[in-house]
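Trainee: I have a structure I would like to understand better, so I am pasting it below and will then ask my questions one at a time.
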Amino acid sequence: MKKTQTPENSITEEVNTPEVPTDPYGFLDEYAESLSVRDMSTPEGEREAWLGFLDMLCLTAVFQKEQRPFEIMDRLGALPQDEDLVRSLEPHERVSFPAMNRIRGIYEDLLISVTLDTSGRMPVASLIKKGGLTDLEFLAFLMALGAALNRKYMRIYSILQEDRENAVRPNAGLCVDLAGLYLSEAERDISELLTSDSFLNSCLLENPRDKKESMGLNRSLILRPAALRAALGDRGSLGELRFCSDIVIPADDSDYVCFPQAVDELKSVLDSMMRDYRAGIVELSGEPGSGRRFIMSVLSADTGFSVLAVDLKKLLSLDGSRQQAIAGELILKYVFEDTILYIYGAEAGGEAFPALYVLSEIMSVVPVIFLGTRKPLSPRVAESLNGFLYRFTMPEADFSAQLALWKNLSRNDRVSFGDDVDLTEIVSKYSMNPGRIRESLTNSELVSGSTDNETVIYRAELEEQIRRICSVQFGDNAQRLKSPFTWADLKVDDKAERMLRRACDRISCRKTVNDDFGFGRKLPYGRGVSVVLYGPPGTGKTMAAQVLANELGLDIYRIDLSQISSKYIGETEKNLGAVFEAARNSNAILFFDEADSLFSRRTDVSSSHDKYANAETSYLLQKIEEYPGFSVLATNNMQNFDAAFKRRITYIIPIEEPSEATRLLLWQQAFPEGTPVSGEIDFRLLAQALELTGSNIKSIAVDAAYRAAAEQREITYADLVESADQECIKSGRMGVGNELQQAIIRGYRAD
């Protein structure tokens, strides 16, 4: 408890004090004995002991009022109720209250009992230790507490305040009078009770509605409801805080599976700041779901403190008066309970930080605040905050930590996985932070349809929930592609298929290679996979990218280069940066189709345009290497890409025009089962006669089907001849109708 300093020019009270008994009324010793044996190990016992001290002060004040100088009153003819007033005007020496030292001793004995409490669960003891109240302010709180709990105090206050007709609340004047029974004049400075932004007035006492009751000595001492609940030991109750706060559940030991070094570091910081009384903020910066709340739950379990999480965005959405009221309740949580405040959602836009006032008000009493931010606060905002700032960036969960999270969280929830779920493969394919792992598991439980006794999650439903949680919005810059194709649909040569499968292994085996084999320590940068697919139009580059997505169970987005490329300097890099930033935690495949426009050969700098074009390409290569996921680039011409570009790509895979054998398979699979196709059609003849790509063959089949459907008949050679002729002309080639017709005739003759 703060002690008011005695000014050098203060008037000394102990002047010519005669020898007087320490207990002139005969009941102080009895109070002292009663309070000394009071059990203060419970909130109720502690409260009754302090109210017993208040009883003693009030009774002493009543006895004092009865000892009036009647000879003065008789001489002046004053009324009885004027006696104290006349006595204060009469010239006299300042004489200390004779039992001041005795009452002071009783008070200090009670304070000693506060220092002996180490449980941290005694409300008044916590207030005295952490509230920073002066002795006079503490008496004001005690008087307001008595009035809130027992009407007898309001009746005695009415007597002492000369308002016998009404039961009244205590005021500042009466507080100063009672303080005079055991505090020096310097310790009962009335200004301490009138400072509006003090902890006493902003958090413990209500602001009087009546202007007359808020001025000077008439200032009413009324306890706030939240302060009353706290003083009664109502721990865990949130009251108004429910709108923007919740209590963080302490982590079980089995949950302690990731970030052990981070937890140890933050525990050390917290211990040092509280031990050295170093006020300040511990800034936890990281993406939503990065584990900030998880770390706070572990801190709660390890330190024994409760953690109150406060949503700053919700708090700032309130009007000023409610913000101030809630800030006061947050301070009460710290003062009356062993509570750590974790305030999250603190984002500083530029140099503006609307939370600065709220945080400053809380930090006036609360020494340590944990502040959760997405990005570190700007230097100017950091300098504006009171106290010390410790910056901490949340570490990324590596594959081992993610695997441990999946196993431990599922075990705690009594969840098992189906035989088709390989958690090592899940971790390799889907890099996720702790929050997303928790959400994926919870959502999968909800849709599993399991019995009450057992929850079993299978691969399909688990991966569906993961993809939903990791979905990303690119706006106009990208479009999500469906991935219905499998390896059976993709008709490429054996070498291209092997390379495509190797690219998939780069994702599905990441955990094994990086963690188990130890390559992760040698590859801190560039853990993503980049593939260039090159070949003529229509050979299946887009389908190959979709097959990769289907095989890996990942979403694929086609990046719209027309939206990204800009003639303005720096805009292309800005747009590319936005795409990769949005995709950073999505686990999505980024598919840059027709990449020639953006990924062309870097030229010698002969103009400013060449200079900035080279810069755009270099920036793109940098972002591809930084991206932890899968990037696929499709181009029709590989000659425009220089050696430096090729060196930084994981795989360069040619998707050539199909051979005759491949074309035969494409023709055979072009018509779905149930399509009416004439039995005279020989697909081998078509494969021999027409050197077409898979895209061409599909277009011919669809067009022929529409021709036959319009006339309600089966598909014939004539339909295929006309459709093939049209397809070739559309792509800039000579018509092949006559050539195909002659081939068909030759085929008949051969038969």
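The values are calculated or read from the model by the stated rules, or taken from the named source; none is laboratory data. Nothing here was measured: the structure is a model prediction, and the numbers come from that model. Ideal geometry is used to build each Cβ from the backbone, glycine not excepted, and the neighbour counts take in all protein chains shown. Heavy atoms of the whole protein, side chains included, go into the accessibility calculation; ligands, DNA and RNA do not. Shrake-Rupley method; radii C 1.70, N 1.55, O 1.52, S 1.80 Å.
Trainee: Where residues in region 274-292 are in a helix (DSSP H, G or I) and touching a residue at least 40 places away in the same chain (Cβ under 8 Å), which of them is least open to solvent (accessible area, probe 1.4 Å)?
Mentor: The selected residue is Arg292.
Trainee: Restricting the search to region 32-50, which residues are of a type outside the set (D, E, K, R) and either out of contact with any helix residue (DSSP H, G or I) (no Cβ under 8 Å at 6 or more places or on another chain) or open to solvent by 50 Å² or more (accessible area, probe 1.4 Å) (or both)?
Mentor: Within region 32-50, Ser34, Ser36, Val37, Ser41, Thr42, Gly45 qualify.
Trainee: Let me ask something else. Take Phe683 and tell me if it is under 29 Å from Val547 (Cα atoms) and free of Cβ contacts under 8 Å to residues at least 40 places away in the same chain.
Mentor: So Phe683 passes the test.
Yes/no matrix, rows are residues, columns are (1) of a type outside the set (Phe, Trp, Tyr); (2) at pLDDT 90 or above:
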site: Phe599; (1), (2): no, no
site: Phe630; (1), (2): no, yes
site: Thr635; (1), (2): yes, no
site: Ala643; (1), (2): yes, no
site: Gly679; (1), (2): yes, no
site: Asp682; (1), (2): yes, no
site: Leu686; (1), (2): yes, no
site: Lys698; (1), (2): yes, yes
site: Ala701; (1), (2): yes, yes
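Trainee: Would you point out the residue of region 651-688, among those that are closer than 30 Å to Pro628 by Cα and part of a loop (DSSP other than H, G, I, E, B), that is least open to solvent (accessible area, probe 1.4 Å)?
Mentor: Of everything passing the filter in region 651-688, Ile655 is least open to solvent (accessible area, probe 1.4 Å).
Trainee: Considering only region 401-469, give the helices (runs of 4 or more DSSP H) lying wholly within it that have at least 2 residues that are over 22 Å from Phe517 (Cβ atoms).
Mentor: 434-447, 459-469
Trainee: Which condition from (1) closer than 30 Å to Pro43 by Cα; (2) under 21 Å from the mean Cα position of the chain (by Cα); (3) open to solvent by 20 Å² or more (accessible area, probe 1.4 Å) is the one that Val298 breaks?
Mentor: The single condition Val298 does not satisfy is (3).
Trainee: Pull up region 707-719, narrow it to residues that are assigned to a helix (DSSP H, G or I) and touching an Asp or Glu at 6+ places or on another chain (Cβ under 9 Å), then point me to the one that is modelled with the lowest pLDDT.
Mentor: Going through the qualifying residues, I end up with Tyr717.
Trainee: Within the set of pairs 6+ apart or on separate chains, which have a first residue in region 127-139 that is under 19 Å from Tyr334 (Cβ atoms) and basic (Lys, Arg), a second that is part of a helix (DSSP H, G or I) and open to solvent by 10 Å² or more (accessible area, probe 1.4 Å), and C-beta atoms under 9 Å apart?
Mentor: Final answer for the pair search is Lys129/Thr115; Lys130/Tyr334.
Trainee: What are the pairs, 6+ residues apart or on separate chains, where a residue within region 704-733 that is open to solvent by 100 Å² or more (accessible area, probe 1.4 Å) has its Cβ under 6 Å from a residue that is modelled with pLDDT of 90 or more and not in a helix (DSSP H, G or I)?
Mentor: The qualifying pairs do not exist here.
Trainee: Exactly one condition in (1) open to solvent by less than 20 Å² (accessible area, probe 1.4 Å); (2) in a helix (DSSP H, G or I) is false for Asp515; which is it?
Mentor: Every listed condition holds for Asp515 apart from (1).
Trainee: In addition: Please verify whether region 361-369 includes one or more residues that are hydrophobic (A, V, I, L, M, F, W, C) and within 19 Å of the chain's Cα centre (by Cα).
Mentor: To start, the set of residues in region 361-369 that are hydrophobic (A, V, I, L, M, F, W, C) comprises 362-363, 365-366, 368-369.
Those still in the list that are within 19 Å of the chain's Cα centre (by Cα) too: 368-369.
Within region 361-369 (the criterion being hydrophobic (A, V, I, L, M, F, W, C) and within 19 Å of the chain's Cα centre (by Cα)), the answer is yes, since at least one residue qualifies.
Trainee: Scan region 248-273 for residues that are out of contact with any helix residue (DSSP H, G or I) (no Cβ under 9 Å at 6 or more places or on another chain) and either assigned to a loop (DSSP other than H, G, I, E, B) or surrounded by 15 or more Cβ atoms within 10 Å (Cβ to Cβ) (or both) and jot them down.
Mentor: Val269, Met273
Trainee: So Ala401 passes all but one of these: (1) in contact with a strand residue (DSSP E or B) (Cβ under 7 Å, 6 or more places away or on another chain); (2) at pLDDT below 90; (3) open to solvent by less than 20 Å² (accessible area, probe 1.4 Å). Which condition number does it fail?
Mentor: That leaves (1) as the condition not met.
Trainee: Given the structure, is Leu377 surrounded by 15 or more Cβ atoms within 10 Å (Cβ to Cβ), assigned to a helix (DSSP H, G or I) and not aromatic (Phe, Trp, Tyr)?
Mentor: Answer is no for this residue.
Trainee: Taking the conditions exactly as written (at pLDDT 90 or above, open to solvent by 50 Å² or more (accessible area, probe 1.4 Å) and part of a helix (DSSP H, G or I)), does Lys313 satisfy them or not?
Mentor: No.
Trainee: A further question on this structure: With the structure loaded, tell me whether Ser508 is small (Gly, Ala, Ser) and open to solvent by 40 Å² or more (accessible area, probe 1.4 Å) or whether it fails that test.
Mentor: Answer is no for this residue.
Trainee: Could you please give the count of residues in region 174-195 that are open to solvent by 10 Å² or more (accessible area, probe 1.4 Å) and either of a type in the set (Val, Ile, Thr) or more than 21 Å from Ile103 (Cα to Cα) (or both)?
Mentor: Residues that pass the stated criteria total 6.
Trainee: May I ask you to list the residues in region 640-650 that are open to solvent by 60 Å² or more (accessible area, probe 1.4 Å) and either closer than 28 Å to Ser586 by Cβ or touching a residue at least 24 places away in the same chain (Cβ under 8 Å) (or both)?
Mentor: Across region 640-650, the qualifying residues are Asn640, Lys646, Arg647, Arg648.
Trainee: Can you tell which of Leu59, Leu54 is modelled with pLDDT of 70 or more, out of contact with any helix residue (DSSP H, G or I) (no Cβ under 6 Å at 6 or more places or on another chain) and aliphatic (A, V, I, L, M)?
Mentor: Within the list Leu59, Leu54, the selection yields Leu59.
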